[in-house]
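Here the structure is laid out as structure tokens; the discussion comes afterwards.
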Amino acid sequence: MNKDKIFKLAKGFRGRAKNCIRIARERVEKALQYSYRDRRNKKRDMRSLWIERINAGTRLHGVNYGNFMHGLMKENIQLNRKVLSELSMHEPHSFKALVDISRNSFPGNKVPKKEGLSLLV
């Protein structure tokens, strides 16, 4: 890269990293490495966030995440994790219908026992 392009990419950096070509080149190179790495990590982080949300939604209905996904797979319901997490947050009745379908298709998904006060009212 030529000098102008490096300084353009180094705009906003602190200290001599924005106006000294040797330091700016090193900092810009490292910044590009970080951006490449973190574009992949962002996808990983979003997937784990979706899984956490789905797990929280399914546990409200007495099923854990793994059994819920296994039940959906057996019923051939092909909704991705992003859509399932949105449903669990914004459409609880639709999500409960999916949990019920999953529970019926997989024997490991048992209906929780109602003993005393329950949070599943």
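Read-outs throughout are calculated quantities, based only on the coordinates presented, and are distinct from any laboratory measurement. Fair warning: this is a prediction, and the values are worked out from it, not measured in the lab. Glycine gets a Cβ as well: all are built from the backbone with ideal geometry, and neighbour counts include every protein chain shown.
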Checklist entry - If you take the beta carbon distance between Arg39 and Asp100 as r and set R0 to 41 Å, what does 1/(1 + (r/R0)^6) give as a FRET efficiency, to the nearest 0.05? => result 0.60
Checklist outcome for this item: Placing each pseudo-label 7 Å from Cα in the direction of the beta carbon, Cys20 and Lys3 end up separated by a distance in nanometres of 1.6
Next on the checklist: For the chain, what is the number of Lys pairs with C-alpha distance below 14 angstrom, counting only pairs 8 or more positions apart or on separate chains?
Outcome noted: 7
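I need the shape label for the range 49-104. Rule: rounded when a/c is under 1.5, else prolate if a/b > b/c, else oblate, with a, b, c from the alpha carbon gyration tensor. List each step's numbers first, then the result.
Values: a/c = 1.34, a/b = 1.24, b/c = 1.08.
Because its axes are fairly even, with a/c under 1.5, the range 49-104 counts as rounded.
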Item to check | Vicinal HN-Hα couplings computed from phi for the range 3-12 (Karplus, 6.51 cos²θ - 1.76 cosθ + 1.60; Hz; Gly/Pro x) | outcome: 4, 4, 5, 5, 5, 5, 6, 8, 4, x
